[in-house]
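Report on the structure given below.
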Amino acid sequence: MVHVLLCALLFSVFGVMYGGNSSQTDKRTQGNLLKSLIYDNTKATVTLDPSALKQLIRLSSAASDSASSKQHVSFSVNLDYKPLTLGAGQTVKYDAVLINDGNGYDDRTGVFTCPVAGTYMFVVDSLSYPGIWLLLKVNKKTVGFIHVSSAHKGNPGIQISRTVIVKLKSGDHVKVENLRNNAYVHDDLYSGFTGVLLY
């Protein structure tokens with residue numbers, strides 16, 4: 001039982017040590033110290049070096065804390081209760097929140113405020129009437145358009161979508177904004193806004 005536990009701890013620590021960004025030389029030194037834990041792996045019992053075992057436990061705890069400290073950020077929202085008719089410059093406020101890990105999305109304003117700097121992927125999709133222009137904006141900069149041409153006037157509604165990957169700083173604002181008056185966005189889970197921290 002002790003042997004199985006030690007193997008699991010060693011696997012966990014070596015995986016973090018050699019998969020991380022720290023100095024390889026320093027990690028190999030720690031690895032050699034950890035190897036001294038088991039003097040003879042072929043016997044039914046295992047002889048332990050108490051100081052090396054204490055260090056193994058410390059390294060394992062630090063690795064676990066480091067892995068769990070990475071914050072997960074994602075949100076997915078849609079229009080559930082009523083369709084929207086938007087004016088020029090109006091932000092689309094999605095009223096149904098499916099997930100909001102990191103609490104970055106505010107359904108009162110329709111704005112995602114970046115809680116953790118990193119590279120994010122955003123997807124905007126909409127069931128809309130011809131003539132609509134929606135903008136995906138980071139702060140005041142437009143990073144993506146979605147549009148249904150007026151040439152499709154005979155169609156009652158067309159599904160459109162756009163995916164963008166951008167780098168964000170903590171505190172950056174991301175939103176979907178309408179460009180022209182009288183834009184229609186259908187509800188009933190057909191139109192949404194999603195974002196996720198990739199790395």
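The values are calculated or read from the model by the stated rules, or taken from the named source; none is laboratory data. Remember, predicted model here, so these are calculated numbers, not experimental data. All Cβ positions, glycine included, derive from the backbone under ideal geometry; neighbour counts span all protein chains shown.
Numerical summary
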read-out: Flag for Val111 being farther than 22 Å from Tyr184 by Cα and at pLDDT 95 or above; value: no
read-out: Failed condition for Asn182, given (1) surrounded by fewer than 15 Cβ atoms within 10 Å (Cβ to Cβ); (2) in contact with a Lys or Arg (Cβ under 9 Å, 6 or more places away or on another chain); value: (2)
read-out: Qualifying residue in the range 130-152 (condition: part of a strand (DSSP E or B), among the aliphatic types (A, V, I, L, M), farther than 21 Å from Pro83 by Cα and free of Cβ contacts under 8 Å to residues at least 24 places away in the same chain); value: yes
read-out: Selection status of Val164, out of contact with any Asp or Glu (no Cβ under 9 Å at 6 or more places or on another chain), in contact (Cβ under 8 Å) with a residue 24 or more places away in the chain and either within 17 Å of Lys93 (Cβ to Cβ) or not assigned by TED's automatic domain parsing to the domain that holds Thr109 (or both); value: no
read-out: Any hit, the range 142-151, residues being touching a Gly at 6+ places or on another chain (Cβ under 8 Å), closer than 23 Å to Arg108 by Cα and in the same structural domain as Tyr105 (by TED's automatic domain parsing); value: no
read-out: Test: Arg162 is surrounded by fewer than 19 Cβ atoms within 10 Å (Cβ to Cβ), over 24 Å from Asn103 (Cβ atoms), more than 18 Å from the chain's Cα centre (by Cα) and basic (Lys, Arg); value: no
read-out: Inter-residue pairs, beta-carbon under 6 Å, first in contact (Cβ under 8 Å) with a residue 60 or more places away in the chain and in the range 167-190, second assigned to a loop (DSSP other than H, G, I, E, B) and of a type in the set (Lys, Arg), 6+ apart; value: Asp187/Lys82
read-out: Total residues in the range 59-72, condition modelled with pLDDT of 80 or more and either closer than 30 Å to Asn182 by Cβ or out of contact with any Asp or Glu (no Cβ under 6 Å at 6 or more places or on another chain) (or both); value: 1
read-out: Ser170, sole failed condition from (1) buried (at least 21 other Cβ atoms within 10 Å of the Cβ); (2) at pLDDT 95 or above; (3) of a type outside the set (A, V, I, L, M, F, W, C); value: (1)
read-out: Candidates Leu84, Leu56, filtered to the one that is over 21 Å from Arg162 (Cα atoms) and either among the aliphatic types (A, V, I, L, M) or at pLDDT 90 or above (or both); value: Leu56
